[in-house]
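Undergrad: Would you mind keeping the following structure in view while I ask a few things?
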Amino acid sequence: MSELTWNHLSILQKEVFTILENSFSQNRLSHAYLFEGYRGTKKKATAELFAMRLLCLHPKIESRPCGMCPSCKNASEDVHPNLFWIRPDGETIKKDQMKKILAEFSKTALLHQPRICVIVDAHKMNTESANTMLKFMEEPTADAYFVLITEQVDAMIKTILSRTQVLHFKPIARQILTKELRAIGVSERLCLLIPEYTNDFDSAVELANHPMYIEMVDFANTLYIKALAKKESLLLLSKSKKELILSSNETFDFFITMLLVLQKDVYHMKKHLPSLVVDTIDIELITQLAKRSSQSMIEELLQQMLELKSRLRYHINQSLAFDNLIMHLERGLQYGI
Ligand SMILES: [Zn+2]
């Protein structure tokens with residue numbers, strides 16, 4: 001499943017990994033963890049590594065799984081007999097699902113290794129399944145571990161919450177995400193710009209590899225290049241991309257965000273704050289545009305983009321909004337009016 005290593009994840013979620021490593025090395029593991037945090041913060045991959053570490057036949061000195069032994073391999077391919085995953089069956093995690101897995105748990109293990117149960121979307125446990133789990137936890141079953149995963153910690157059943165050690169997964173920092181994208185060979189501009197749109201690791205990788213999103217990043221940049229050159233109508237230029245950009249609310253939102261990044265870059269350059277410029281690839285372009293535009297025009301364009309972004313939540317005429325946006329860009333950047 002996971003292609004990420006313990007090392008990688010320890011960079012993405014430093015605090016969580018420090019806690020886990022210390023617990024392993026001091027032999028003070030909790031029997032129930034709750035991994036809590038936004039989507040794309042690597043909770044599942046961490047649960048998988050946690051299981052690997054517990055099952056690993058030759059763990060490394062620094063309390064990490066070896067990643068090579070049959071146990072590690074089986075755990076990472078989700079075929080280890082001692083590793084169980086529970087996911088909601090429809091809207092809830094039902095009592096029967098819990099009972100079935102816990103029955104497996106109680107059987108004499110074929111392999112004398114710890115048993116781990118990972119519960120995905122744990123806030124979807126109903127009271128009955130929560131009680132089933134709690135009852136199981138009260139019995140002195142050696143070597144059983146639970147990892148509960150949730151994006152909605154507030155919706156967790158309180159009795160469960162109080163019995164777990166909560167580990168908070170933070171949104172992944174922009175610079176780290178940029179570095180990670182670089183490491184997998186994503187082009188430099190995308191590495192810089194995509195983390196401005198999302199801090200969800202998996203979405204960022206998906207967007208960086210999606211031709212449609214790559215095209216939109218390039219086109220936003222093209223618009224600024226053409227605006228500087230003053231030779232072509234931006235409105236005409238954008239006609240061929242309009243359908244692509246307006247194909248969904250998300251694509252439109254993404255495109256506006258890319259324009260916003262560039263416009264903010266121009267703003268920061270105007271303010272003599274080059275260290276805040278995000279798209280540093282074409283710094284000359286940003287510098288020239290900043291020189292040519294007035295402060296008030298730069299701010300006005302920024303304001304329009306921000307407003308449009310917030311209006312996307314409502315039913316608006318997107319075609320008209322798109323034309324307006326490009327027209328403003330043309331007037332502002334190209335003619336300064
Ligand atoms: Zn191993």
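Undergrad: Restricting attention to region 116-135, report how many residues are outside any loop (DSSP other than H, G, I, E, B) and in contact with a strand residue (DSSP E or B) (Cβ under 8 Å, 6 or more places away or on another chain).
TA: Of region 116-135, the ones outside any loop (DSSP other than H, G, I, E, B) are 116-119, 122-125, 127-135.
Next, from what is left, pick out any that are in contact with a strand residue (DSSP E or B) (Cβ under 8 Å, 6 or more places away or on another chain): 116-119, 122-125, 129, 133.
The total comes to 10.
Undergrad: Could you tell me whether L49 is within 15 Å of the ligand (Cβ to nearest atom), within 19 Å of V166 (Cβ to Cβ) and of a type in the set (A, V, I, L, M)?
TA: On the way: within 15 Å of the ligand (Cβ to nearest atom): yes; within 19 Å of V166 (Cβ to Cβ): yes; of a type in the set (A, V, I, L, M): yes.
When the stated conditions are applied, L49 passes them.
Undergrad: From the set of residues in region 55-86 that are among the charged types (D, E, K, R) and either in contact (Cβ under 8 Å) with a residue 24 or more places away in the chain or outside the structural domain of S25 (by TED's automatic domain parsing) (or both), which is farthest from the ligand (Cβ to nearest atom)?
TA: Going residue by residue through region 55-86, those that are among the charged types (D, E, K, R) are 60, 62, 64, 73, 77-78.
Imposing the further condition that a residue be either in contact (Cβ under 8 Å) with a residue 24 or more places away in the chain or outside the structural domain of S25 (by TED's automatic domain parsing) (or both) reduces the set to 62, 64, 77-78.
Numbers: E62: 13, R64: 9, E77: 13, D78: 15 Å.
Here the residue is D78.
Undergrad: Right, another one. In the list T257, T251, which residue meets the criterion of being without any contact (Cβ under 8 Å) to a residue 40 or more places away in the chain, surrounded by 15 or more Cβ atoms within 10 Å (Cβ to Cβ) and part of a helix (DSSP H, G or I)? Talk me through it step by step, then tell me what you get.
TA: Details: T257 fails: without any contact (Cβ under 8 Å) to a residue 40 or more places away in the chain.
Step by step, each of T257, T251 is checked, and only T251 is without any contact (Cβ under 8 Å) to a residue 40 or more places away in the chain, surrounded by 15 or more Cβ atoms within 10 Å (Cβ to Cβ) and part of a helix (DSSP H, G or I).
Undergrad: Hey, another quick one. Being of a type outside the set (S, T, N, Q) and under 16 Å from I149 (Cβ atoms) is the filter here, so list the residues in region 20-30 that pass it.
TA: Keep residues of region 20-30 that are of a type outside the set (S, T, N, Q), which gives 20-21, 24, 28-29.
Passing the criteria: only L20.
Undergrad: Does region 153-172 hold any residues that are within 17 Å of the chain's Cα centre (by Cα) and modelled with pLDDT under 95, and which are they?
TA: Hits for region 153-172 are K170, P171, I172.
Undergrad: Then there's this: Under the condition of being loosely packed, with under 11 Cβ neighbours inside 10 Å and basic (K, R), which residue from region 265-317 is nearest to L192 (Cα to Cα)?
TA: Among those that are loosely packed, with under 11 Cβ neighbours inside 10 Å and basic (K, R), it is K291.
Undergrad: Do we have any residue at all in region 137-159 that's touching a residue at least 60 places away in the same chain (Cβ under 8 Å), in a loop (DSSP other than H, G, I, E, B) and touching a helix residue (DSSP H, G or I) at 6+ places or on another chain (Cβ under 7 Å)? Let's see the steps before the verdict.
TA: Taking region 137-159 and keeping what is touching a residue at least 60 places away in the same chain (Cβ under 8 Å), we get 137, 144-151, 153, 156.
Next cut, in a loop (DSSP other than H, G, I, E, B) only: 151, 156.
Narrowing further to those that are touching a helix residue (DSSP H, G or I) at 6+ places or on another chain (Cβ under 7 Å): 156.
Checked against the condition, which is being touching a residue at least 60 places away in the same chain (Cβ under 8 Å), in a loop (DSSP other than H, G, I, E, B) and touching a helix residue (DSSP H, G or I) at 6+ places or on another chain (Cβ under 7 Å), region 137-159 yields at least one hit.
Undergrad: Within region 262-282, take every residue that is of a type outside the set (A, V, I, L, M, F, W, C) and over 28 Å from the mean Cα position of the chain (by Cα) and give me the one that is nearest to F219 (Cα to Cα). Walk me through it before giving the result.
TA: Quick first cut of region 262-282, residues of a type outside the set (A, V, I, L, M, F, W, C) only: 263-265, 267-268, 270-272, 274-275, 279-280, 282.
From what's left, over 28 Å from the mean Cα position of the chain (by Cα): 270-272.
Working: K270: 23, K271: 25, H272: 26 Å.
Per the criteria, the residue is K270.
Okay, residues lined up against (1) aromatic (F, W, Y); (2) surrounded by fewer than 22 Cβ atoms within 10 Å (Cβ to Cβ); (3) closer than 26 Å to F201 by Cβ:
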| residue | (1), (2), (3) |
| --- | --- |
| N22 | no, yes, yes |
| K73 | no, yes, yes |
| S76 | no, yes, yes |
| I86 | no, no, yes |
| Q113 | no, yes, no |
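Undergrad: Every residue in region 22-43 that is of a type outside the set (S, T, Y), more than 16 Å from the ligand (Cβ to nearest atom) and farther than 21 Å from P195 by Cα, please.
TA: Of everything in region 22-43, those that are of a type outside the set (S, T, Y), more than 16 Å from the ligand (Cβ to nearest atom) and farther than 21 Å from P195 by Cα turn out to be N22, Q26, N27, R28, L29, H31, A32, L34, F35, E36.
The values are calculated or read from the model by the stated rules, or taken from the named source; none is laboratory data. As the structure is a computational prediction, the values presented were derived from the model and not from experiment. Reconstructed Cβ throughout: ideal geometry from the backbone, glycine too, with neighbour counts over all protein chains shown.
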